[in-house]
Each structure stands twice: as C-alpha cells, then as structure tokens.
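The values are calculated or read from the model by the stated rules, or taken from the named source; none is laboratory data. Worth saying up front: this structure is predicted, and the values here are computed from it rather than measured. A quick note on method: Cβ atoms are made from the backbone with ideal geometry, for glycine too, and the neighbour counts reach across all protein chains shown. Just the protein is used for accessible areas: all its heavy atoms, side chains included, with ligands, DNA and RNA removed. Shrake-Rupley method; radii C 1.70, N 1.55, O 1.52, S 1.80 Å.
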Amino acid sequence: MRRRAVICALALSALSLSAAPIFALDSSPIPLPRPSTIAPVSVVTSETSAVATALASPVPKPRPKVPAVTQVRYPRKGSVCGVNAIRGQSLKPIPGRISGCGLKEPVQITEVAGVTLSTPAVVDCTTAKALHSWIEKGVKPSVGRLGGGLVQLDVAASYACRPRNNQAGGKISEHGRGRAIDISAVRLKNGTHISVLNGWNDPLHGALMRKLHRAGCGPFGTVLGPESDVYHRDHFHFDTARYRSGSYCR
C-alpha cells in the first residue's frame with residue numbers, strides 16, 4: 001500500500017508540472033514600427049524628362065531664312081545656238097579675205113546668261129556655248145554678290161581675219177575662224193569696273209581675276225592671260241581649239 005501511495009503521489013506531481021506554463025508572458029507594450037528613412041523615389045517619365053531638358057537648355061535662336069534660288073527663264077525668241085540664255089542673231093556666212101579665214105555659220109551675240117556684252121561679239125556657236133558655260137560656272141560663282149553681282153563683260157575682240165597676235169606671216173588666229181573671244185574687263189552692278197590690265201596684280205581684285213582665268217580652262221581649249229606673253233597683258237584670250245593633251249592655259 002505504501003508503495004502504491006508513493007507512485008500515485010509522483011503521478012500527481014508530474015501532472016501539476018505539465019499544466020504549468022512553460023514561458024512567462026511579457027506584459028510590456030509592443031513597440032510601434034519606426035518610420036522609414038529611405039527617401040521617396042520620384043517617378044520620372046519621358047514627358048517630365050523632356051520638360052526638364054527644355055527648361056535647362058537655352059532656347060535656340062531662329063535660323064535666318066535663306067532666299068530660294070530662282071531659276072532664270074529666258075524666252076526662246078531672240079536666242080541663238082539652241083540656248084535660250086544666249087541672246088543675239090544668226091548672220092550670213094562670212095567669207096575669208098585671206099586663206100584660212102571665214103565663218104560658215106556665224107552668230108552675233110549681245111547677252112549671255114543675263115550678262116550683257118559691251119559690244120556684240122561674232123563667233124560660232126561652239127564658242128558662244130563655251131562662253132555661256134564660263135559665265136555660269138566660273139564667273140558668276142567667283143564674283144558672287146561683290147558689288148551687287150556681275151552685269152557686263154567688256155569684249156576686246158571676236159571674229160577678225162588676221163594672223164596670231166597680228167604678226168605678219170604668222171598662222172591664222174582662231175579669231176579668223178570665229179572660234180575666239182577676248183575679254184578685257186568685268187563690270188559690276190554698283191558701277192565697279194575691274195580690268196585685266198589693272199586688276200591682275202591688284203591686292204583687292206587680283207585673286208578674283210585669277211579665278212576667272214582658271215575657270216576658263218575646260219570650257220575653252222586655249223586660255224591666255226597677262227602671264228602668258230606681252231600680247232595678252234590686258235585681256236583674257238579664250239578660244240575653242242582642242243588639243244590632245246587637253247586645255248592649254250597660261
């Protein structure tokens with residue numbers, strides 16, 4: 001009996017221990033979460049980025065308007081050589097008074113590409129077209145707006161039945177075949193007159209005159225100027241004679 005009582009007492013003790021709480025509850029208040037210290041992230045969209053860039057960048061100044069290049073149209077009436085910009089008239093064949101001279105289909109031109117000639121020039125159409133090319137591609141771009149632009153060319157010679165450089169016994173000049181023209185000066189809209197004689201070595205216009213001289217190499221087969229010989233110190237000689245080696249320019 002005693003042994004059984006001991007066993008019962010031990011069993012009751014075990015039951016009381018199991019019913020007791022294992023952990024004590026903390027009665028202190030639960031702390032609230034601290035506010036986040038991370039800075040708020042701003043959402044950048046393409047629209048806001050564009051606005052910010054526009055506000056930060058200086059406003060560009062408007063570009064000056066460039067005037068449109070107007071194409072000059074020339075009437076067919078009054079033109080020669082099939083080019084409306086070459087104004088003049090066709091002439092009857094010119095017989096040569098000496099052997100080697102003469103011109104079968106001469107034209108007398110008074111204006112080329114809107115540029116008047118100081119005196120009508122008698123040449124063939126090949127030479128008239130070469131003059132037109134020289135003026136359009138060489139003279140006008142070189143002169144540009146200087147003095148208001150080019151308005152006239154001074155013609156020193158065109159068709160003339162004579163030997164080269166007027167030297168007796170020499171070969172017939174290309175002038176005697178209507179294939180040459182001599183230009184002695186250019187005139188600008190403001191009245192400025194630039195001659196080959198005075199302008200070639202002039203500090204102000206020398207570079208321009210050399211450009212005009214070089215521009216003739218190509219449209220013409222022969223180009224002679226002040227540095228070629230004493231006979232051409234006061235004019236440019238242009239002719240359409242062709243050589244196997246190309247244009248002859250001095």
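Here are a few things to note about the model shown:
- Positive minus negative residues near Ala160 (Lys, Arg vs Asp, Glu; Cβ under 15 Å): +2
- FRET efficiency, 1/(1 + (r/R0)^6) with R0 25 Å, evaluated for Asn190 and Val230 via beta carbons: 0.20
- Theoretical gain in end-to-end length, Ser118 to Arg97 [0.36 nm per residue, Cα-Cα removed]: 4.9 nm
- Rolling a 1.4 angstrom probe over the protein heavy atoms with all chains in place gives segment 135-250 an accessible area of 50 Å² per residue.
- Net charge of Cβ neighbours under 14 Å - reference Ser118; Lys, Arg +1; Asp, Glu -1: -2
- Reference-scaled alpha-carbon Rg (2.2 N^0.38 Å with N residues) for segment 103-152: 1.22
- Between the alpha-carbon centres of segment 216-250 and segment 147-165 there is a gap of 13 Å.
- Cα→Cβ-extended label distance, 7 Å offset, between Lys140 and Ser90, nm: 2.6
- Among the listed pairs Lys77/Lys129; Lys129/Lys211; Lys92/Lys171, those whose Cα-Cα separation exceeds 23 Å are Lys92/Lys171.
- Counting only protein heavy atoms and a probe of 1.4 Å, the accessible surface of segment 122-250 is 48% carbon and sulfur.
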